[in-house]
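Colleague: One structure, pasted below without further comment.
The values are calculated or read from the model by the stated rules, or taken from the named source; none is laboratory data. Quick caveat: nothing in here was measured; it's all calculated off a predicted structure. Here Cβ is always computed from backbone atoms with ideal geometry, including for glycine, and neighbour counts include all displayed protein chains. Just so you know, the surface numbers come from the protein's heavy atoms only, side chains and all, with ligands and any DNA or RNA stripped out. Shrake-Rupley method; radii C 1.70, N 1.55, O 1.52, S 1.80 Å.
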Amino acid sequence: MLQQTPVVRVQPVWEEWLRRWPEPSDLAREPAGEAVRAWGRLGYPRRALRLHAAAGAICADHGGNVPGTYAELLELPGVGSYTAAAVAAFAFGRRETVVDTNIRRVHARLFSGAALPSPALTAAEMRLAAESLPAGPGPSVRWNAAVMELGALVCTARSPKCRECPVSASCAWLAAGEPPPTYTPKGQSWHGTDRQVRGAVMAVLREAESPVAAELFRQPATDLGFEPAGIGIPLAALHRLNPAPEQLERALAGLLGDGLAELHPAGFRLPA
DNA sequence: GATCCGTGGAA
DNA sequence: TTTCCAAGGAT
């Protein structure tokens, strides 16, 4: 849930999730669509699908217990190098090189003198992170947590709080006179994109308690002469986007291809 | 390596 | 209002 999503937004969803599914086996028993529904508006709903799949893999391959080594974790759906290292370190106390966006930024400034890390994680960065990691499980776990928190709370992307930074005296970026970023990160476009249409369709499917006829996506409900039960608001939001027919078809096909939706005789629905 | 994949709060 | 960007991963 924390992948590309701030802690404050994750926390309430995470608490409800663990109340409902305290063990991997509890989640694995559910249809994938229930995981997607409970995911709510966290974004990137494929993560919900993969978390559900990971629960299944944990039950099938690990007796229902989350594995504790980097290599085993990395095999799970939706778990990449960052998540595998973070879980092994923070949940199992192992010495792992954890590199998230916060740690990358701290290292870029403190060690390399750059305002921002490069767009993609490099081998040199991993080497630098591995070299700076203290020896011993306990110190390494605390180091990972400390550098991550420093990046999240003090060494922030915009307007870092250098006056509050405990290592400002040894910061290469400050010493260099706070040079600006050498590249301009281009943000993801959103308005008018397929991604926005996918999001609007998913909002409808999450609210729907029965399959949604394809015509409801393709044509405003007012033109159909009736009010669809329960999904009027997200459906109106979708039609307000006024996606081109081709774009809507692309979004629906994409969701089907990703397994986020399935086509029932009565219409589209979350995977049951 | 480049792209794609959501969402909403803050600047 | 627009832009930025947040505990990334898969293809």
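Colleague: Take the residues in region A:13-65 that are closer than 21 Å to A:ALA208 by Cβ and among the acidic types (Asp, Glu); name whichever of them is most open to solvent (accessible area, probe 1.4 Å).
Modeller: The selected residue is A:GLU16.
Colleague: Give me the pairs: first residue in region A:163-192 and closer than 26 Å to A:ALA146 by Cα, second residue of a type in the set (Gly, Ala, Ser), beta-carbon distance under 6 Å, and six or more apart or on different chains, which are they?
Modeller: As it stands, the answer is A:ALA172/A:GLY113; A:TRP173/A:GLY113; A:LEU174/A:SER168; A:ALA176/A:GLY113; A:PRO180/A:ALA115; A:PRO181/A:ALA115, since those pairs meet every condition given.
Colleague: With respect to A:VAL204, determine if the residue is free of Cβ contacts under 8 Å to residues at least 40 places away in the same chain, touching an Asp or Glu at 6+ places or on another chain (Cβ under 6 Å) and within 16 Å of DNA strand B (Cβ to nearest atom). Even if it seems obvious, please write down each step before you answer.
Modeller: Working: free of Cβ contacts under 8 Å to residues at least 40 places away in the same chain: yes; touching an Asp or Glu at 6+ places or on another chain (Cβ under 6 Å): no; within 16 Å of DNA strand B (Cβ to nearest atom): yes.
No, not satisfied.
Colleague: Which one of these is at pLDDT 95 or above and under 30 Å from A:ALA32 (Cα atoms): A:ALA200, A:ALA175, A:ALA145, A:ALA169?
Modeller: Values: A:ALA175 fails: under 30 Å from A:ALA32 (Cα atoms); A:ALA145 fails: under 30 Å from A:ALA32 (Cα atoms); A:ALA169 fails: under 30 Å from A:ALA32 (Cα atoms).
Just a single option satisfies the conditions, and that option is A:ALA200.
Colleague: Among the residues that make up region A:129-152, is at least one of them within 15 Å of DNA strand B (Cβ to nearest atom) and in contact (Cβ under 8 Å) with a residue 24 or more places away in the chain?
Modeller: As a first pass, look at region A:129-152 and keep what is within 15 Å of DNA strand B (Cβ to nearest atom): A:152.
Checking which are in contact (Cβ under 8 Å) with a residue 24 or more places away in the chain leaves us with A:152.
Checked against the condition, which is being within 15 Å of DNA strand B (Cβ to nearest atom) and in contact (Cβ under 8 Å) with a residue 24 or more places away in the chain, region A:129-152 yields at least one hit.
Colleague: Quick test of your reading of the structure: A:GLY68 fulfils all but one of (1) over 27 Å from A:GLY257 (Cβ atoms); (2) open to solvent by 40 Å² or more (accessible area, probe 1.4 Å). Name the failing condition by number.
Modeller: Among (1) over 27 Å from A:GLY257 (Cβ atoms); (2) open to solvent by 40 Å² or more (accessible area, probe 1.4 Å), the lone unmet condition for A:GLY68 is (2).
Colleague: Now, a different point. Could you tell me which numbered condition A:LEU133 fails, if it satisfies all but one of (1) in the same structural domain as A:ALA236 (by TED's automatic domain parsing); (2) touching a Ser or Thr at 6+ places or on another chain (Cβ under 7 Å)?
Modeller: It is condition (1) that A:LEU133 fails.
Colleague: Here's another thing I want to ask about it. If you take just the helices (runs of 4 or more DSSP H) that sit entirely in region A:179-250, which of them hold at least 1 residues that are touching a Pro at 6+ places or on another chain (Cβ under 9 Å), open to solvent by 40 Å² or more (accessible area, probe 1.4 Å) and not charged (D, E, K, R)?
Modeller: Of the helices (runs of 4 or more DSSP H) lying wholly inside region A:179-250, those with at least 1 residues that are touching a Pro at 6+ places or on another chain (Cβ under 9 Å), open to solvent by 40 Å² or more (accessible area, probe 1.4 Å) and not charged (D, E, K, R) span A:232-241.
Colleague: Tell me, yes or no, whether region A:144-158 has at least one residue that is surrounded by 11 or more Cβ atoms within 10 Å (Cβ to Cβ) and on the phi > 0 side of the Ramachandran plot.
Modeller: Applying the first criterion (surrounded by 11 or more Cβ atoms within 10 Å (Cβ to Cβ)) to region A:144-158 yields A:144-157.
Still in the list and also on the phi > 0 side of the Ramachandran plot: none.
Scanning region A:144-158, I find no residue that is surrounded by 11 or more Cβ atoms within 10 Å (Cβ to Cβ) and on the phi > 0 side of the Ramachandran plot, so the answer is no.
Colleague: Could I ask something else about it? What are the pairs, 6+ residues apart or on separate chains, where a residue within region A:236-257 that is under 12 Å from A:GLN196 (Cβ atoms) has its Cβ under 8 Å from a residue that is open to solvent by 70 Å² or more (accessible area, probe 1.4 Å)?
Modeller: Listed pairs, sorted by first residue: A:LEU248/A:ARG218.
Colleague: Being free of Cβ contacts under 8 Å to residues at least 40 places away in the same chain and within 13 Å of DNA strand C (Cβ to nearest atom) narrows it down to one of A:ALA123, A:ALA60, A:ALA53, A:ALA89, so name that one. So that I can check it myself, show each step before the final result.
Modeller: Working: A:ALA123 fails: within 13 Å of DNA strand C (Cβ to nearest atom); A:ALA60 fails: within 13 Å of DNA strand C (Cβ to nearest atom); A:ALA89 fails: free of Cβ contacts under 8 Å to residues at least 40 places away in the same chain.
Testing whether each residue is free of Cβ contacts under 8 Å to residues at least 40 places away in the same chain and within 13 Å of DNA strand C (Cβ to nearest atom) leaves just A:ALA53.
Colleague: Could you list, in sequence order, the residues of region A:251-272 that are surrounded by fewer than 12 Cβ atoms within 10 Å (Cβ to Cβ) and more than 13 Å from DNA strand B (Cβ to nearest atom)?
Modeller: So the first thing to find is which residues in region A:251-272 are surrounded by fewer than 12 Cβ atoms within 10 Å (Cβ to Cβ), and the list is A:253, A:257, A:265-266, A:272.
Hits for region A:251-272 are A:PRO265, A:ALA266, A:ALA272.
Colleague: Could I ask something else about it? Kindly provide the set of residues from region A:98-110 that are open to solvent by 20 Å² or more (accessible area, probe 1.4 Å) and more than 12 Å from A:MET148 (Cα to Cα), ordered by number.
Modeller: A:LEU110
Colleague: Just to check your reading of the model, which residue among A:SER168, A:SER189 is within 16 Å of DNA strand B (Cβ to nearest atom) and farther than 19 Å from A:ASP100 by Cα?
Modeller: Details: A:SER168 fails: within 16 Å of DNA strand B (Cβ to nearest atom).
Being within 16 Å of DNA strand B (Cβ to nearest atom) and farther than 19 Å from A:ASP100 by Cα holds for just one of A:SER168, A:SER189, which is A:SER189.
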